[in-house]
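Have a look at the structure below before the remarks.
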Amino acid sequence: MQTPEERIAALCAAAKTRVLVLDGAMGTMIQNLKLDEAAFRGDRFKDWDWDLQGDNDLLNVTQPAAIRKIHDAYLEAGADILKTNTFNGTAIAQADYGMQAAVGDINRMGAELARAAADAASTPDRPRFVAGAIGPTNRTASISPDVNDPGFRNVSFDELVVAYREQATALLEGGADIFLVETVFDTLNAKAAIFALMALAEETGRTVPIMISGTITDLSGRTLSGQTPEAFWHSIMHARPFSVGFNCALGAAQLRPHVAAIARVADVRVSAHPNAGLPNDLGGYDETPDETAAHLAEWTDSGLVNIVGGCCGTTPDHIRAIAQAVKGKRPRTPPGLPRRLRLSGLEPFVAVA
């Protein structure tokens, strides 16, 4: 059994020689199970006063065998990195179900499930890794939810830091190798997560790699909080992340120019896990595994990415096709950029000497 430090070293070594493959969507797979309210409650929460159907993260506690089976399917398909089933694992998000007190168990057990699956599938030549998934919460720190009161905020930076730190602590206890701050629509939320993770590293003495993945919310090419890809990178580059990239909201065809934009300026690895195309009229996703894989293979051939995978609508079949499509291809080489003062608001600013 490898130590956490040995797993991190193995992760960095693997990233130097090949394109790493993330798993696909968890929500899609859970929806296919068609679990009812009783299944979400399980024995532990059978008398809970709130409706729990839809709290996918809670299934780590109430239906662990089902979540483990999904992890196993993605590993069998060729995933190198499993995302924990903890996208809504903060106390802020779990407040929708009255589950704030269960946050520790949700995240710890979520990481333990992924860890056990990854360890069972690992070989000396092909280790598998666990990314503790940290979603954006259902609040935004930089935008008012009230159009009549632009200065109003329904969450503070400090509240986000506390929530992210609680989640990250439990993910680390459960065996996560990496923290994945994903689907970032508000950069201020992401900065709160980064602050929490850095504080946790200082407290524990353990430096855990951080992946940061934003989301371009529409064809404007900006995050919800208004930043371009380059400005987004300037805002979070101080974290010196293991990787930066984009996921969700768009299919691969629409996401490509934004991945290319961040690949030009980020001197770290670039990740991308797009949706299986744009949603159809019924909210489903129609892009086939071969179509998604063809896009990501072209991105790899163009030197844009180091880590690829899938988001909404993707399945083990998508991940299998992606893994085959990038097999044997060289990962992107981060550019050597001159040392400059790099700032950002909605747009990037680079001071020229």
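Bear in mind that the values in this text are calculations on the coordinates, not laboratory data. Just so you know, these numbers come straight off a predicted model, no measurement behind them. Cβ coordinates were reconstructed from backbone atoms using ideal geometry, including for glycine residues, and neighbour counts include every protein chain displayed.
General remarks:
- With the gyration tensor restricted to C-alpha atoms of the stretch 124-196, the semi-axes of the equivalent ellipsoid amount to 30, 12, 8 Å, longest first.
- Sparse-neighbour loop sites [trypsin sites (Lys or Arg not before Pro); the stretch 258-353; at most 11 other C-beta within 10 Å; DSSP]: 339, 340
- Net +/- balance of residues flanking residue 278 in space, Cβ distance below 9 Å, scoring K and R +1, D and E -1: -2
- The H on the amide N of residue 133, modeled in the peptide plane, is under 5 Å from the matching H of 84, 86, 180, each at least 5 residues off or on a different chain.
- Surrounding net charge for residue 339, when Lys and Arg each add one and Asp and Glu each subtract one, Cβ distance under 15 Å: +2
- Annotation for the stretch 128-201: chymotrypsin sites (Phe, Trp or Tyr not before Pro) lying in DSSP loop with at most 14 further Cβ atoms inside 10 Å of their Cβ are 152.
- Applying both filters, DSSP loop and at most 12 other Cβ atoms within 10 Å, to the GluC sites (Glu not before Pro) of the stretch 62-166 eliminates every site.
- For the stretch 213-221, 3J(HN,Hα) computed residue by residue from phi via the Karplus equation (6.51, -1.76, 1.60; θ = phi - 60°) reads 10, x, 9, 8, 6, 7, 6, 5, x Hz, glycine and proline entered as x.
- Distance distribution P(r), the stretch 1-107, all Cα-Cα pairs, bin width 10 angstrom from 0: 13, 38, 29, 16, 3, 0 percent.
- Take the convex hull of the alpha carbons in the stretch 262-339; its mean projected area over all directions comes to 5.5 nm².
- In the chain, taking the dipole from charged Cβ atoms about the Cα centre, the farthest positive-side position among 243, 156, 168 is held by 243.
- Distance between the stretch 125-139 and the stretch 55-88 - C-alpha centres, whole angstrom: 11 Å
- In order through the stretch 246-261: 3J(HN,Hα) via Karplus (6.51 cos²θ - 1.76 cosθ + 1.60), integer Hz, x for Gly, Pro: 9, 8, 6, 6, 10, x, 4, 4, 7, 7, 3, x, 7, 5, 4, 5
- In the set (i) 38, 21, 19; (ii) 34, 22, 19; (iii) 28, 25, 21, the label that goes with semi-axes √(5λ) of the Cα gyration tensor in Å computed for this structure is (iii).
- Taking amide H atoms as placed 1.01 Å from N in the peptide plane, the amide H of residue 244 lies under 5 Å from those of 212, 269, 270, 271, each 5 or more residues away in sequence or on another chain.
- Whole-angstrom gap from the stretch 15-35 to the stretch 300-320, using each part's C-alpha centre: 9 Å
- Using θ = phi - 60° and Karplus 6.51 cos²θ - 1.76 cosθ + 1.60, couplings along the stretch 116-125 (whole Hz; Gly, Pro as x): 5, 5, 5, 5, 5, 8, 6, 10, x, 8
- For the set 34/327; 83/327; 16/191; 46/83, the pairs lying more than 22 angstrom apart at their alpha carbons are 34/327; 16/191; 46/83.
- Interchain or long-range residues, amide H under 5 Å from residue 225's placed H: 187
- Rounded to the nearest 20, the Cβ-based charge dipole of the chain about its Cα centre (Lys and Arg +1, Asp and Glu -1) stands at 1460 debye.
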